[in-house]
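Participant: Can you read through this structure? Questions will come right after.
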Amino acid sequence: MELKGACCVVTGAARGIGFQMAVSLLDRGARVVLSDVDASALESALSQLGSPAAVGVAADVASASAMGDLAGAAAEFAGPVSLWVNNAGLARHRAIPDYTESDIELMLNVNLKGTILGSQAALRAMASSKRGHIVNVISTASLRGIPNETVYCAAKWGVRGFTQGLREEAAPVGVRVTALLPGGVDTAFWSGAVDRAMPVEDFLTPGQVAKALIALVEMEDSVVPQELVLRAIRDRDFTHFTP
């Protein structure tokens, strides 16, 4: 995909990975619609960017009508949507007995339902032009169970399965679908993690994840990069192993 002038939507874009993705897309000449449920943080992000090629739309990814409105606002701002990145996500770090029902609902609504509704809006927006790219930012938590992140894992496993089905449905209308699975990333995601100090100095940076996004999206439209697992070299599960 040629990103110069392309209409790109990034959810969860007020900070962290989403914000850095917006920066990288703008650097490639794209016109970017940043979306986030936190309107004040979104305003701050747009102020930092200071670019006429970027606009913000405050929206809740767990609302079908909000995702439809986001697609409409993007098309009005920059023409047909070429790229939609479902990046919005959150976690509550708890032991299994300590999760509240509201914790569970929030994580399933944002991580799983939000990705489904965002993909639905994106596919509808791209169908008429018969081209586009949907990237779902998932997690390596969709590959293995992690203590104190069980509900997050459940949501992300669901997103990964949904993404595989979406890829098959989208291909006949010329829309590519990619799953991007970062390992640990040094963001505010880890604030409040329970009973362990996370080695964020060994994690990916948001900029590195954004760089991977650009590489995936700029492949030829005839190529579908189906899934990329991205981890920092020092971010390892088996830290006890020494060769």
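Participant: If I go through the stretch 12-32 residue by residue, how many of them are surrounded by fewer than 24 Cβ atoms within 10 Å (Cβ to Cβ) and not in a helix (DSSP H, G or I)? Give the derivation first.
Facilitator: Step one: list which residues in the stretch 12-32 are surrounded by fewer than 24 Cβ atoms within 10 Å (Cβ to Cβ), which gives 15-16, 20, 23-24, 26-29, 31.
If we keep only those that are not in a helix (DSSP H, G or I) as well, we get 15, 28-29, 31.
Residues in the stretch 12-32 being surrounded by fewer than 24 Cβ atoms within 10 Å (Cβ to Cβ) and not in a helix (DSSP H, G or I): 4 in total.
Participant: Look at ALA88 and say whether it is out of contact with any Pro (no Cβ under 8 Å at 6 or more places or on another chain), closer than 14 Å to VAL10 by Cβ, small (Gly, Ala, Ser) and free of Cβ contacts under 8 Å to residues at least 24 places away in the same chain.
Facilitator: Criteria not met by ALA88.
Participant: Another question, then. LEU112 fails exactly one of the following numbered conditions: (1) surrounded by fewer than 21 Cβ atoms within 10 Å (Cβ to Cβ); (2) within 16 Å of the chain's Cα centre (by Cα); (3) over 19 Å from VAL177 (Cβ atoms); (4) modelled with pLDDT of 95 or more. What is the number of that condition?
Facilitator: With (1) surrounded by fewer than 21 Cβ atoms within 10 Å (Cβ to Cβ); (2) within 16 Å of the chain's Cα centre (by Cα); (3) over 19 Å from VAL177 (Cβ atoms); (4) modelled with pLDDT of 95 or more applied to LEU112, the lone miss is (3).
Participant: State all residues of the stretch 33-65 that are surrounded by fewer than 20 Cβ atoms within 10 Å (Cβ to Cβ), closer than 21 Å to GLY114 by Cα and either under 17 Å from the mean Cα position of the chain (by Cα) or in contact (Cβ under 8 Å) with a residue 24 or more places away in the chain (or both); if no residue qualifies, say none. Explain how you work it out, then say what you get.
Facilitator: Step one: filter the stretch 33-65 for residues surrounded by fewer than 20 Cβ atoms within 10 Å (Cβ to Cβ), giving 38-41, 43-44, 46-53, 55, 58, 60, 63-65.
Then keep just the ones that are closer than 21 Å to GLY114 by Cα; that gives 38-41, 55, 58, 60, 63-65.
Within the stretch 33-65, ASP38, ALA41, ALA58, ASP60, SER63, ALA64 meet the criteria.
Participant: Let me ask something else about it. Given the criterion hydroxyl-bearing (Ser, Thr, Tyr), under 23 Å from ARG131 (Cα atoms) and at pLDDT 95 or above, identify the matching residue among SER35, SER40.
Facilitator: Numbers: SER40 fails: under 23 Å from ARG131 (Cα atoms).
After applying the criteria, what remains is SER35.
Participant: Which condition breaks for ASP38 when tested against (1) closer than 25 Å to LYS156 by Cβ; (2) charged (D, E, K, R); (3) in contact with a helix residue (DSSP H, G or I) (Cβ under 7 Å, 6 or more places away or on another chain)?
Facilitator: Status for ASP38: all satisfied but (3).
Participant: Within the stretch 159-190, which residues are in a helix (DSSP H, G or I), modelled with pLDDT under 95 and surrounded by 19 or more Cβ atoms within 10 Å (Cβ to Cβ)? Outline the logic, then answer.
Facilitator: Of all residues in the stretch 159-190, those in a helix (DSSP H, G or I) come to 159-173, 188-190.
If we keep only those that are modelled with pLDDT under 95 too, we end up with 188-190.
Scanning the stretch 159-190 gives a single hit, PHE189.
Participant: Consider only pairs whose beta carbons are under 9 Å apart and that are at least six residues apart or on different chains; among these, list those whose first residue lies in the stretch 161-189 and is at positive phi and whose second residue is buried (at least 22 other Cβ atoms within 10 Å of the Cβ).
Facilitator: Cβ pairs passing all conditions: GLY174/MET126; GLY174/GLY132.
Participant: Now, a different point. How many residues are surrounded by 24 or more Cβ atoms within 10 Å (Cβ to Cβ), farther than 18 Å from ASP69 by Cα and not hydrophobic (A, V, I, L, M, F, W, C) if we restrict to the stretch 117-147?
Facilitator: 4
The values are calculated or read from the model by the stated rules, or taken from the named source; none is laboratory data. This is a predicted model, so every value here is computed, not measured. Quick reminder, even Gly has a Cβ in these numbers, built from the backbone with ideal geometry, and neighbours come from all protein chains shown.
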